[in-house]
1. Taking θ as phi - 60°, what are the ³J(HN,Hα) couplings along region 451-460 by the Karplus curve (6.51, -1.76, 1.60), each to the nearest whole Hz, with x for Gly and Pro?
2. What distance in nm lies between label points placed 7 Å from Cα along the C-beta direction at L618 and D15?
3. Go ahead and run the numbers for FRET between M372 and K482, Cβ-Cβ distance against an R0 of 45 Å, rounding to 0.05.
4. Do any trypsin sites (Lys or Arg not before Pro) in region 354-419 lie in a DSSP loop with no more than 12 other beta carbon atoms within 10 Å, and if so, which?
5. Expressed in nm², what is the orientationally averaged projection area of the convex hull enclosing the Cα positions of region 1-123?
6. Long-range amide H contacts for E601: which residues qualify at under 5 Å (H placed 1.01 Å from N, peptide plane, sequence gap of 5 or more or a different chain)?
7. Just the number, please: Stokes-Einstein D of region 524-615 in µm²/s, Kirkwood Rh from C-alpha pairs, 4 °C, 1.567 mPa s.
8. Can you list residues whose amide H is under 5 Å from I536's amide H, if they're 5+ apart or on another chain and H is modeled 1.01 Å from N?
Amino acid sequence: MENNELLEIYYSEADDLLQRIEKSLLALDAAPDDPAHIQEVFRAVHTMKSSAAMVGFDAISEYAHILENLLDRMRNGRLQPSRTLISHLLAGQGLLRAMVEKVSRGEEPITPAELKVKKEQLARFMGVQSSEEAPPAPPSFIPLDEDKEYFYKIALSFKDDVFFSGQDPLMLLRELQDIGDIVQVMADVSTIPEITKINPFSLYMSWKLLFKTREPRSAVDEVFCFIEGYHPLEIVDVTEEFPDGVDRSLADKRIGDILIEEGVINSDDLQEALQDQKKIGQVLVEKGIVAAETLSHIMSEQEKSRNLLRKSTVRVETQKLDNLANYTEELSVNLARVSHLLEGGDPNSFRIILEEMDRVEQNLREMREQVMRVRMFPLEGTLQRMQRMARDLAVEVKKDVRVEIGGTDTELDKDLIEQITDPLKHCIRNAIDHGIEPPEVRRKNGKSPQGFVSINAFQREGKIFIQVKDDGRGLDHEAIYKKAVEKELIPAGTRPAPEELQRFILLPGFSTARKVSDLSGRGVGLDVVYDQISRIGGLVDISSSPGQGMTLTMSIPLTLAVMEGLRIDVGGESYIVPLPSVLTVRSIQDQDMKTVEAKEEMFRFEERYIPAVRLENLLGTVKEGKNPHKIALIIDSHKRRFALLADQILETRQVVIKGLETHFRSIPGFAGAAILGDGQVCLILDIYGLDRMIFGDSMA
């Protein structure tokens with residue numbers, strides 16, 4: 001259980017650290033002269049190295065150590081940040097993320113051969129001074145060979161009352177790591193007494209360290225300046241024993257003997273390992289103790305467990321939990337008061353009970369909203385990954401693009417964040433490949449050779465808006481018109497307004513690209529954006545000016561778990577219609593209805609006729625005789641407007657959406673179900689799904 005908790009903490013911390021590394025590297029790419037960004041990356045990589053070592057992920061720790069050494073050279077001014085170097089560091093961050101993902105699935109993070117290749121890729125930055133490096137600064141004290149590594153053996157002991165002096169041995173070890181690397185550490189636990197005799201306020205352990213640094217001896221002494229003379233301390237310079245950073249005494253020793261000397265294993269462990277140096281599962285299968293199928297099944301279950309361990313935990317702000325606890329307490333008080341009034345049997349208490357029930361309902365609403373906030377997470381990580389992807393794509397297509405992100409503190413439901421990732425990627429690919437012109441074309445058109453792409457998020461009117469904007473060539477309305485005529489989407493000779501033309505690029509297979517690239521040009525992209533955003537109740541809007549660029553705006557609901565809806569009655573059956581999709585409600589007059597070609601009904605709305613939909617015909621619930629509906633709900637499906645005919649509106653209510661797949665199966669045209677106050681289940685209409693059922697994929 002403790003190991004599980006430790007891994008949960010590690011994975012959560014690793015995600016945060018990787019996000020910090022990526023964010024700071026992108027900031028460094030935009031402002032290479034700011035040393036604060038280098039320092040931030042260095043600290044995050046250093047922590048990444050230490051935390052990975054703590055949980056036994058040595059390969060991750062080793063690679064992070066390589067990156068740390070490279071960043072240390074940058075931090076000390078011996079290596080200047082360049083775009084090539086930053087690209088290598090971003091690739092290193094990507095490798096760290098991939099390794100963390102692999103270990104979370106129980107896989108080997110990286111093979112020794114792969115790790116060797118990655119080391120060699122960074123070797124040229126770690127070698128002799130290149131043209132990108134700045135000349136070394138003149139020494140302000142006794143000259144020190146900055147490229148030389150110094151080794152010290154440190155024996156660190158403390159009096160048992162060290163904690164009462166305000167000192168923390170672990171903090172001293174961390175301070176040492178700030179100026180170098182603890183190559184080896186051996187903890188002496190021989191003086192720890194039996195558990196019944198342990199004083200929790202006493203220290204019984206001591207340490208022996210092998211420490212490597214490029215700093216002078218005075219820097220090492222400074223770490224221990226507050227304990228020197230009070231606690232046993234011995235620091236010995238053993239640099240001569242480590243030529244080129246290698247312990248010469250290890251040359252003639254076997255690895256097993258070294259491990260025994262270091263106290264890592266005992267002789268029995270060594271003998272057992274020598275008998276069969278294979279993975280335990282392989283050994284057991286070969287010996288016939290375990291069937292191969294059984295081993296495969298157990299390994300599969302283990303991988304599922306590790307994946308669950310990685311994905312089942314999230315970090316929640318303490319304030320959100322505090323608010324939830326407060327609302328729970330208020331609800332308990334109000335319920336207790338209602339219970340007391342009911343037990344009293346006072347006939348005059350009826351009015352008071354109703355008032356208390358109103359308060360209970362308000363408490364429940366506030367609790368529900370607070371629970372939804374617990375599911376809300378900042379978009380910072382998602383936008384940051386999009387910024388990184390845009391940068392990498394620009395480098396790939398040899399375009400100079402400045403990428404900015406904004407609104408990173410905007411919060412969105414966790415499930416929705418996952419669902420907008422692919423649409424965002426397609427928008428960015430479109431902006432980089434289609435929108436931004438090559439530098440020479442931009443110069444010819446009087447623009448800066450550096451293009452600009454911004455990704456912004458903001459909240460307005462109960463929705464989240466995400467904009468991808470570029471200052472590229474904009475949409476070619478003439479090319480869109482010709483392609484639309486070619487695909488017979490519009491008759492030749494008719495000229496729709498620019499706003500209507502722009503909507504055609506959201507159709508499947510619609511592309512005006514003259515050639516197909518690895519990124520785009522196949523007509524697969526913005527239609528995916530439109531389809532996926534519509535599925536979650538969102539809207540896609542496009543605005544473009546030729547030669548000035550394009551802005552694509554996605555508006556999406558804050559959450560999919562709770563919604564406001566109208567409960568309507570249709571032929572004795574009740575359904576819930578999402579309130580944001582309802583423009584207005586009109587009573588039906590005879591002159592408002594007309595039939596086209598003896599089968600298609602139309603409803604008059606704002607001086608034009610729109611399709612009229614009878615839900616009972618669509619769902620196959622028609623009863624004998626034609627139902628003379630009394631009202632029409634004017635629905636906006638983001639593709640078109642249509643009138644949904646109903647008998648009456650029963651109520652407006654906020655509902656918690658229950659997925660149909662969990663207890664039954666997915667049903668076209670329905671987004672889920674809600675449980676009413678009387679216990680009945682009411683189906684929730686999926687407006688986008690209904691539109692597709694009725695009209696197919698056509699645009700209005």
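The values are calculated or read from the model by the stated rules, or taken from the named source; none is laboratory data. Every value quoted in this text rests on a predicted model; they were computed, and no experiment measured them. Using ideal geometry, Cβ is built from the backbone for each residue, glycine included, and neighbour counts are taken over all protein chains shown. Side chains included, ligands, DNA and RNA excluded: accessible areas come from the protein's heavy atoms. Shrake-Rupley method; radii C 1.70, N 1.55, O 1.52, S 1.80 Å.
1. Rounded to whole hertz, the list is x, 9, 10, 10, 10, 10, 10, 7, 10, 7.
2. Between L618 and D15, the simple spin-label model gives 3.7 nm.
3. Between M372 and K482 the formula returns 0.45.
4. Here the sparse-neighbourhood loop sites are K398.
5. 7.0
6. Answer set, sorted by chain and number: V596, A612.
7. The diffusion coefficient I find is 77 µm²/s.
8. none
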